[in-house]
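For reference, the structure discussed in these notes is given below.
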Amino acid sequence: MVAVTDRHSAYFAIDFLNNQVCLAHLLRNLEYLNDIDKNQRWAQEVKSLLREAIHERNEKPAEMISAKSWLERLDGLLKKNLDHLRKEFNELKRGLIKCRNYIFNFLENPAIPSDNNASERGIRKLKIKQKISGCFRSDTGADAFHAIHSIADTAWKNNQSPLDAILALV
């Protein structure tokens, strides 16, 4: 099973067959950096690279696209010195370096989406319920519930057994 996730370290501790970083989350992070410093170019360049990759996948929905050239372009951006910018820039850069191998997997496998919006849509109702009724006793319990629900929902959408997907992680 492939997990399309944000860059939370807990997801990378789970032994999935493969991971894909959610590019929608990354694009939001990059937009935030653009908002806090409109004079820098680094965040805009990374954002453009990701959007180009998504566009190429949309243009060739069934083809396997090599990630090599995309990773090389990303590496060029990750080698740039950002010390003159606010600390948030280097924090995101370090995060991208850590998850570098999981950014363009959606290009090499057409079955992998570039974002986890469909899965998050599946848990949105539950999150709203938590906020309104306070039905969870702790954030930890709520997070665990949502993670399990997300895994089960993803398995279901991929015509796999939700129970088998959860048991595979145990």
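Please enumerate the residues belonging to segment 50-102 that are of a type in the set (Phe, Trp, Tyr) and either under 17 Å from the mean Cα position of the chain (by Cα) or within 13 Å of Leu26 (Cβ to Cβ) (or both). Residues satisfying the conditions are Trp70, Tyr102. Can you tell me which residue in segment 113-155 is modelled with the lowest pLDDT, limited to those that are closer than 22 Å to Pro61 by Cβ and not polar (S, T, N, Q)? Ranking the qualifying residues of segment 113-155, first place goes to Glu120.
Could we say that Leu92 is closer than 20 Å to Leu33 by Cβ and surrounded by fewer than 18 Cβ atoms within 10 Å (Cβ to Cβ) here? No; evaluated as a whole, the condition is false for this residue.
Of the residues making up segment 45-102, those that are closer than 21 Å to Asp115 by Cβ, in a helix (DSSP H, G or I) and of a type in the set (Gly, Ala, Ser) are Ser48, Ala53, Gly95.
The values are calculated or read from the model by the stated rules, or taken from the named source; none is laboratory data. Remember, it's a predicted structure, so these values are computed and weren't measured experimentally. Backbone-built Cβ (ideal geometry, glycine too); neighbour counts: all protein chains shown.
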